[in-house]
1. Can you name the condition, by its number, that residue 56 falls short on among (1) assigned by TED's automatic domain parsing to the domain that holds residue 145; (2) modelled with pLDDT under 80?
2. Report, by residue number, each residue of the stretch 229-238 that is farther than 17 Å from residue 204 by Cα and either surrounded by 15 or more Cβ atoms within 10 Å (Cβ to Cβ) or not assigned by TED's automatic domain parsing to the domain that holds residue 205 (or both).
3. Can you pull out every residue in the stretch 176-196 that is surrounded by 16 or more Cβ atoms within 10 Å (Cβ to Cβ) and either out of contact with any helix residue (DSSP H, G or I) (no Cβ under 8 Å at 6 or more places or on another chain) or not assigned by TED's automatic domain parsing to the domain that holds residue 149 (or both)?
4. Return the residue satisfying two criteria in turn: it lies in the stretch 153-175 and is buried (at least 23 other Cβ atoms within 10 Å of the Cβ) and farther than 11 Å from residue 122 by Cα, and of such residues it is nearest to the chain's Cα centre (by Cα).
5. Take residues that are over 22 Å from residue 239 (Cα atoms) and tell me which of the strands (runs of 3 or more DSSP E) falling wholly in the stretch 69-155 contain 1 or more.
6. Here is a check on your reading of the model: is residue 117 surrounded by fewer than 20 Cβ atoms within 10 Å (Cβ to Cβ) and either touching a helix residue (DSSP H, G or I) at 6+ places or on another chain (Cβ under 9 Å) or more than 23 Å from residue 240 (Cβ to Cβ) (or both)?
7. Report whether or not residue 123 is within 30 Å of residue 227 (Cβ to Cβ), surrounded by fewer than 18 Cβ atoms within 10 Å (Cβ to Cβ) and assigned by TED's automatic domain parsing to the domain that holds residue 69.
C-alpha cells in the first residue's frame, strides 16, 4: 500500500481484491506505473479519468459500519449511532484494519467464541489495532498489539486512545518473532498475516501460549486451506473452528 502513497495517491480504499485510489490532475501516470511495478511486478493497473470531486470528503461514502458478532466496527463519523461499549471506532488511516476486509471480520467472529474475561492477548500484525481493541472490548485484561510497520504505529495509538482502552492495549513496533516471546505467556494469539509468514511464526506462537491457550489465524486464501490444514496438523495443532468469507479463510486452533 505504501507504494501508492509514494507515487502521490490521495487516499486508498479496498474494494474486494482491488485497491482504488485517486491522483490529482497533471500526475505523471507513467511514473506511477513504474513505482507500482517496482513494488509488485505482477500488479494489474487500470486507470481512467474521473470528474473533479472533493475527495477529502467523498471518499467517506465508501466506508460503512460493520456489525461483527457482539461488536460494531465503524469510522468516526458514524460512531454516534451505536453503543460505545460495543463499538470499535477506527479512523481509516494508512494502517490495515478498518472492518472493511473479510479477514478482519473473520478473526472477530472467531474471537467471540474463544475469549474469556480476563484473558491476555497478543495481536500480531496489528495494523490499525482493530483486533486488539476488539479483544479489549470483549473483556481482555491486557492486549499486546505488535506491528512491524512504523508508519502504522501512530494510527494504532490514536485508535487505542479513541476507544478508551489505552490501559489495556499496549502497542509495540517490531517483528512478531522477536517481540512475542517478550510478552509471553498469553492465552490468545491473533495473527492476521499472509500464510507464508504464519507458517514461519507457528513455532514462536506455540512457545508463547499458556497450556490452555488458543490461536486465531487469518490472511489465508481459501485455496490455501488444504495446505494450511496439513501444516497445522503436522505442527501439532488441532482446529476448533473455521470461518470463510469471500476468498478468505480464518481458523481457530489449539495445541493437540
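The values are calculated or read from the model by the stated rules, or taken from the named source; none is laboratory data. Because the structure is predicted, anything quoted here is derived from the model rather than measured. Backbone-built Cβ (ideal geometry, glycine too); neighbour counts: all protein chains shown.
1. Single failed check for residue 56: (1).
2. Answer for the stretch 229-238, where residues must be farther than 17 Å from residue 204 by Cα and either surrounded by 15 or more Cβ atoms within 10 Å (Cβ to Cβ) or not assigned by TED's automatic domain parsing to the domain that holds residue 205 (or both): just 229.
3. Selection gives 179, 183, 186, 187.
4. Looking at the filtered set, the residue picked out is 156.
5. 71-74, 87-89, 142-147
6. When the stated conditions are applied, residue 117 does not pass them.
7. Answer is no for this residue.
Yes/no matrix, rows are residues, columns are (1) surrounded by 15 or more Cβ atoms within 10 Å (Cβ to Cβ); (2) outside the structural domain of residue 219 (by TED's automatic domain parsing); (3) modelled with pLDDT of 80 or more; (4) part of a loop (DSSP other than H, G, I, E, B):
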| position | (1), (2), (3), (4) |
| --- | --- |
| 25 | no, yes, no, yes |
| 34 | no, yes, yes, no |
| 45 | no, yes, yes, yes |
| 50 | no, yes, no, yes |
